[in-house]
Amino acid sequence: MQKLEQLYEGKAKKVFKTDDPELLIVDYKDDATAFNGLKKGSIAGKGVINNQMSNRLMAKLEKAGVPTHFVQELSPRETLVKKVSIVPLEVIVRNLSAGSFAKRYGVEEGIVFDAPTIEFSYKNDELGDPLLNSYHALALKLATAEEIDTIKRYAFQVNDFLKALWAECGVILVDFKLEFGRLADGSIVLADEISPDTCRLWDEKTHEKLDKDRFRRDLGGVEDAYAEIMKRLMDHDAD
Ligand code: TMP
């Protein structure tokens, strides 16, 4: 597989063409941003951890029946993925109150919901990723009704699977963000990444944050938290 010219550089990843028009190479960076790029920094080793964690989780999800873009890990920071056209929705599933949910509705963080919630944001940096509902997504022609149904079904399936997996690692899956894409045949697959950048992960006993909130909120120990959460997953998989 040949790595050809760069197609795109995002905040945390670069994407390259390959000699196969259906496949791309994603290259994970250590760069970190928050608040729509307002806060900038770097988390040493993050690219390697996010690449390897996302690939492990997507491989497990694929086996559990959720189709993903993952094809093959090529190196510590590089992965071969199926080319998709991204559905411009950030799909957020929450099991406990935290972050923008707690702020928006004026509640404390850490309230356990009776059932998971789902919400969508319009993936649009200029607009600051505004919250929208499925009717808005339809009106804006961001996805079809059938695609939105599929996305919701996959998102809750991902939640059920990952919540149980992280529980076995002594970790609470508080919330996370997913992105989906369309393959050439129009089918919907899970894309982007699943990592400590895109999930809130708390130690089940201490509620210590083992995710990007340590960077967003200047809590310190960012690199150690990424290393710890990766170790929990590796230890789990080794058992
Ligand atoms: P929020 O509470 O700030 O809306 O975040 C919800 C989840 O989505 C949290 O796990 C972090 C993740 N997230 C991203 O992956 N990218 C983003 O740009 C934002 C704002 C949140």
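The values are calculated or read from the model by the stated rules, or taken from the named source; none is laboratory data. The model shown is predicted, which means the values in this text are computed figures rather than measured ones. With ideal geometry, Cβ positions are generated from the backbone for all residues, glycine too; neighbour counts draw on all protein chains shown. Side chains are part of the model used for accessible areas, which takes the heavy atoms of the whole protein and leaves out ligands, DNA and RNA. Shrake-Rupley method; radii C 1.70, N 1.55, O 1.52, S 1.80 Å.
Ranked from highest to lowest mean number of other Cβ atoms within 10 Å per residue, what is the order of the peptides 168-177, 150-159?
168-177, 150-159
With each run of n ≥ 4 DSSP H residues scored as -39500 (n - 2.57), what mean residue ellipticity at 222 nm is computed for the chain after dividing by its residue count and rounding to the nearest 500 deg cm²/dmol?
Estimated from H runs of four or more residues: -10000 deg cm²/dmol.
Using a simple spin-label model with points 7 Å from Cα along the Cα→Cβ vector, what separation in nm is obtained for E228 and V48?
My value for the distance between the label points is 2.0 nm.
Using a basic spin-label model with each label point 7 Å from the Cα along Cα→Cβ, how many nm lie between A164 and K103?
Each label point is offset 7 Å from its Cα along the Cβ direction, giving 3.4 nm.
Compare D149, D235 by solvent-accessible area with a 1.4 Å probe and give them largest first, with all protein chains kept in place.
D149, D235
How large is the charge dipole for the chain, taken about the Cα centre, if only the Cβ atoms of Lys, Arg (+1) and Asp, Glu (-1) carry charge, to the nearest 20 debye?
Using Cβ point charges on Lys, Arg, Asp and Glu, the chain gives about 340 debye.
Using only Cα atoms, what is the ratio of the radius of gyration of the chain to 2.2 N^0.38 Å?
0.97
Around F180, under 9 Å between beta carbons, what's the net of Lys plus Arg minus Asp minus Glu among the other residues?
Charge balance in the 9 Å sphere: -2.
Kindly write out, for the range 10-18 in residue order, the coupling ³J(HN,Hα) from the Karplus curve 6.51 cos²θ - 1.76 cosθ + 1.60 (θ = phi - 60°), rounded to whole Hz, with x marking Gly and Pro.
x, 6, 10, 9, 10, 10, 10, 6, 10
Restricting things to Cα coordinates, could you compute the convex hull volume per residue of the range 103-239 in Å³?
Measuring per residue, one finds 156 Å³ for the Cα hull of the range 103-239.
Mind putting a number on the dipole of the range 118-239 about its Cα centre? Charges go on the C-beta only, +1 for Lys and Arg and -1 for Asp and Glu, and I need it in Debye to the nearest 20.
It comes to approximately 320 debye.
Can you work out D for the range 198-239 in µm² s⁻¹ from Stokes-Einstein, where Rh is the Kirkwood radius over C-alpha pairs, the temperature is 37 °C and the viscosity is 0.692 mPa s?
308
Rounded to whole Å and sorted largest first, list the principal axis extents of the Cα atoms in the range 1-86.
Here the spans come out as 35, 32, 24 Å, largest first.
Size of the dipole of the range 43-185 about the Cα centre, Lys and Arg at +1 and Asp and Glu at -1 on the beta carbon, nothing else charged, in debye to 20?
280
What residue among L74, A64, N95 has its Cα farthest toward the positive end of the dipole of the range 33-127, where the charges are +1 on Lys, Arg and -1 on Asp, Glu, each on the Cβ?
Of L74, A64, N95, it is L74.
At 1.4 Å probe size, with the rest of the protein present, what percent of the exposed accessible area of the range 79-186 is carbon and sulfur atoms?
The nonpolar share, carbon plus sulfur, comes to 54 percent.
Would you kindly state how much longer the chain becomes between D218 and S187 on full extension, computed as 0.36 nm times their sequence separation minus their alpha carbon distance, in nm to one decimal?
Gain on stretching D218 to S187: 7.2 nm.
How large is the Rg to Rh ratio of the range 100-153 when both quantities use alpha carbon positions and Rh follows Kirkwood?
1.03
Calculate the length of the line joining the C-alpha centroid of the range 79-121 to that of the range 188-239, in whole Å.
15
Determine the sum of side-chain charges near Y154: Lys and Arg each +1, Asp and Glu each -1, restricted to other residues whose C-beta is under 12 angstrom from that of Y154.
Cβ neighbours under 12 Å give a net charge of -3.
Per 0.36 nm of contour for each residue apart, how much would the distance between D235 and N124 grow if the chain were fully extended, relative to their Cα-Cα spacing?
36.2 nm
Sum up the charges of everything whose Cβ sits under 15 Å from the Cβ of E119, counting Lys and Arg as +1 and Asp and Glu as -1, but leave E119 out.
+3
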